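Values quoted throughout were computed directly from the atomic coordinates according to the rules given, and no laboratory measurement underlies them. None of the values given here were measured: they were computed from a predicted structure. No Cβ is skipped: glycine too gets one built from the backbone with ideal geometry, and neighbour counts run over all protein chains shown.
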Amino acid sequence: MVLSYLIYTSEKSEDVTEKDVAEIIDVAKTRNLSMNISGVLIDTGSFFIQYLEGDRKSINSLYNKIRKDKRHHNVQLALFEDLKGSYIFKDWGMAALECNDDTKRILKKYLGAKMGCDTDLSGMPAVLLLDMLVEISVLYTLDWKMK
C-alpha cells in the first residue's frame, strides 16, 4: 500500500446549506475510516478546500466520486503526492474546520490583505495550501485537546 495525499479546491453550489455540509462530514467520517482514509474539509462559505490521505488507489477513487458531487463545481486538484512517512491526520476520518477568527488569521498570513473567507483559493500554490491546512488543523487539534 502506498500512502498518498491530495488537496483540491472547489466552489460550493449556491443551494448547499450548513445542514448539507454537516451531512457531508458525517457520511465522510464513517466511510473514510472504513477505507483507512483521513481528511480535513474547510468550508469558507463559498468554497471548499479538502485534504485527503490514505492508500493511493482509495483516495483516487474517492476523489473521482467527489468530483461528480453536485454540491460543488469547478473542482481543481491542487496536489496529489505520496506521503513521506505516515498519516498526518490519522484516525480523523473527516474533520470540518470552520472559517472563524483563528482560521481567518492563518488564511491572511498565507494570502495577505486580499483574504476573506470567500477568497477563491484555486490558484494558490499547492505547497502553501498544504502548509496552511496543517497550521489550521494543528490549531484545532490543540483546541480539542484542551476541552
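General observations
- Counting only Cα atoms, the size of region 1-70 along its three principal axes is 38, 21, 18 Å, in decreasing order.
- Listed residue pairs exceeding 18 Å between alpha carbons, taken from K68/K104; K12/K70; K12/K108; K70/K90; K29/K65: K68/K104; K12/K108; K70/K90
- Each of K108, K57 was scored by other Cβ atoms within 10 Å of its Cβ. Listed from fewest to most, they are K57, K108.
- Cut-off 14 Å between beta-carbons: net charge of the residues surrounding D15, Lys and Arg +1, Asp and Glu -1: -2
- Taking D15, D20 and counting other C-beta atoms within 10 Å, the order from fewest to most: D15, D20
- Which of S58, S38, S13 has the fewest Cβ neighbours within 10 Å, and the rest in rising order: S13, S58, S38
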